[in-house]
Amino acid sequence: MGGIDDKETPASGSVVHDDVTSESSCYATDEEDTQINLGPKVSIREHLEKDKDDESLRRWKEQLLGSVDVSQVEEVQEPDVKILSLTIISPDRPDIVLEIPESGNPKAPWFTLKEGSKYSLKFSIKVSNDIVCGLKYTNHVWKTGLKVDNSKEMLGTFSPQAEPYTHVMPEEVTPSGFLARGNYSAKTKFVDDDNKCYLELNYTFDIQKDWGK
């Protein structure tokens, strides 16, 4: 949100889960990359039933799936991913917690950033039903009709669990000066490696001399 150049940020490693998923079973690619045929989808219950007599495999699967209650999992279910909130973290002020509206279109402006300030974004993510592979964040920003920022980050692969995951984005600095101040429009999306979109946000925000109240 704060930069002016196109960029692709590698995964920050701040998602609070263990990266134990096999690359061959859940491998995320950009839309431009060659698509890999991963074969038919297998449900969590089928994963656990296979090789259930192999103690080492059973423990590995339990580590991967965490606290999933298999008795509540149906044979075939698609992963359900909800982005619960967005938090703006800055050393200059208390955290700004923004709830995600069901419509996907927050009231304008959604928030105000202070020019020349360091900040980072923190997402709260709830995953249910099944494993989501290669969850990716993309963000596009425009000012007076011109695209000024295009960013994306691979958030990771997540198994379903009762508690939300937390992901913190790398720190950025808002631009400053007369030309930087004003109103911006943005589109943020969360998609998986099958390009299934779980949330699309269309919103506006301001950059001003001071933080919004």
What net charge is computed for the residues neighbouring Lys118, neighbours being all others with C-beta under 12 Å from the C-beta of Lys118, Lys and Arg scored +1, Asp and Glu -1? -2
Once both labels are modelled 7 Å past Cα along the beta-carbon direction, what's the Asp194-Thr144 spacing in nm? 4.4
Using 0.36 nm per residue, how much length does the chain from Phe111 to Glu99 gain when fully extended, once their Cα-Cα distance is taken away? 3.2 nm
Give me the percent of accessible area attributable to carbon and sulfur for region 98-213, probe 1.4 angstrom. 49
Per residue value of the accessible surface for region 160-209 (all protein chains in place, 1.4 Å probe), Å²: 48
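The values are calculated or read from the model by the stated rules, or taken from the named source; none is laboratory data. Computed from a prediction, not measured in an experiment: that's the story for all the values here. Counting neighbours? That spans all protein chains shown, and the Cβs are built from the backbone with ideal geometry, glycine included. Heavy atoms of the whole protein, side chains included, go into the accessibility calculation; ligands, DNA and RNA do not. Shrake-Rupley method; radii C 1.70, N 1.55, O 1.52, S 1.80 Å.
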